[in-house]
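Colleague: Supplied in structure tokens, the structure appears directly below.
The values are calculated or read from the model by the stated rules, or taken from the named source; none is laboratory data. No experiment lies behind these values; they were computed from the predicted model shown. FYI the Cβ positions are ideal-geometry reconstructions off the backbone, even for glycines, and counts take in every protein chain you see.
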Amino acid sequence: MNALSVKNISYAYGKTQILKNVSFDVSQDKIVCLLGASGCGKTTTLRTIAGLIKPSSGSIAIDGNTVFDYGTCMPPEKRGLGMVFQDHSLFPHLTVSGNIEFGIKHIAKKARQQRMFEMLELVQMPDVAKRYPHELSGGQQQRIAIARAMARQPKLMLLDEPFSNIDHQTRFQIIAKVKSIFKAQGVTAIFVTHNEDEASAFADRLVRFNQGEVCEATQFKT
């Protein structure tokens with residue numbers, strides 16, 4: 001069973017066709033990159049998977065369960081996803097621990113704190129729980145954003161240009177660390193970028209986009 005199946009997804013904004021019959025699958029434990037120039041439809045595709053945009057046609061299934069088709073549109077919070085954005089989206093008024101625990105308030109306090117510390121160990125930042133986002137570097141903030149998303153134990157991670165705001169000198173060090181974390185934890189992820197070098201360093205597989213369409217058959221990176 002695929003972790004994700006996207007079949008013939010289309011979406012229009014007004015009279016502008018943004019996505020045109022987009023289809024691809026993602027295998028369990030793989031990192032797949034949606035690659036293409038700005039405005040080609042890759043982020044829109046990611047947002048349809050997340051449930052933030054409703055396609056006009058097609059279907060989306062996560063772990064074999066349909067989350068969108070003609071008669072179904074599961075809300076984002078029930079899709080079991082973790083999301084990491086380009087700008088980190090950390091809450092500036094909360095500490096690192098507060099940020100990580102924000103999405104798991106439904107579990108008991110002791111278990112919540114234990115998971116928070118587990119996530120900090122996972123991203124190799126065990127001593128920053130009491131710091132605020134502004135006290136961290138861009139790369140550190142992005143690792144905390146990933147820790148926050150993974151604290152919810154998502155079925156699928158969605159990452160939208162997550163490394164673009166990190167300086168070039170440290171970017172590929174962060175990519176290597178995050179990839180090793182995902183591989184060690186068996187995380188399945190969809191990753192959006194326009195940067196070929198980032199795609200090659202992070203992804204197992206590519207889906208190339210051009211003007212709202214998948215323009216090249218998906219291929220495994222070697």
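Colleague: For Asp29, only one of the following conditions fails: (1) without any contact (Cβ under 8 Å) to a residue 40 or more places away in the chain; (2) part of a loop (DSSP other than H, G, I, E, B). What is its number?
Modeller: (1)
Colleague: Just to be sure I understand, how many residues within the stretch 69-89 are part of a strand (DSSP E or B) and closer than 16 Å to Gln140 by Cβ?
Modeller: The qualifying residues number 1.
Colleague: If only one of Ala50, Ala3 is touching a Pro at 6+ places or on another chain (Cβ under 7 Å) and among the aliphatic types (A, V, I, L, M), which one is it?
Modeller: Of the residues listed, the single one that is touching a Pro at 6+ places or on another chain (Cβ under 7 Å) and among the aliphatic types (A, V, I, L, M) is Ala50.
Colleague: Using the structure shown, decide if Val32 is of a type in the set (Val, Ile, Thr), crowded, with 17+ Cβ neighbours inside 10 Å and out of contact with any helix residue (DSSP H, G or I) (no Cβ under 6 Å at 6 or more places or on another chain).
Modeller: Yes: the conditions hold for Val32.
Colleague: Mind listing whichever residues of the stretch 35-68 are assigned to a loop (DSSP other than H, G, I, E, B) and either more than 11 Å from Leu19 (Cβ to Cβ) or touching a residue at least 60 places away in the same chain (Cβ under 8 Å) (or both)?
Modeller: The answer is Gly36, Ala37, Ser38, Gly39, Cys40, Gly41, Gly51, Leu52, Lys54, Asp63, Gly64.
Colleague: Another question, then. Restricting attention to the stretch 177-197, does a residue exist that is of a type in the set (Asp, Glu) and either modelled with pLDDT under 90 or buried (at least 21 other Cβ atoms within 10 Å of the Cβ) (or both)?
Modeller: No: zero hits.
Colleague: Further, regarding this structure: Within the stretch 28-79, work out how many residues are more than 15 Å from the chain's Cα centre (by Cα) and polar (S, T, N, Q).
Modeller: Total meeting the criteria: 7.
Colleague: Is at least one residue of the stretch 202-211 more than 18 Å from Leu4 (Cα to Cα) and at pLDDT below 90?
Modeller: No - not one qualifying residue is present in the stretch 202-211.
Colleague: I've got another one for you. Residue pairs, Cβ under 6 Å, 6 or more apart or interchain, first in the stretch 95-110 and touching a residue at least 12 places away in the same chain (Cβ under 8 Å) and under 11 Å from Ala151 (Cα atoms), second of a type in the set (Phe, Trp, Tyr) and surrounded by fewer than 15 Cβ atoms within 10 Å (Cβ to Cβ). List them.
Modeller: Qualifying pairs under 6 Å: Asn99/Phe91.
Colleague: Do you know which residues across the stretch 90-106 are in a loop (DSSP other than H, G, I, E, B) and surrounded by 14 or more Cβ atoms within 10 Å (Cβ to Cβ)?
Modeller: Scanning the stretch 90-106 gives Leu90, Leu94, Thr95.
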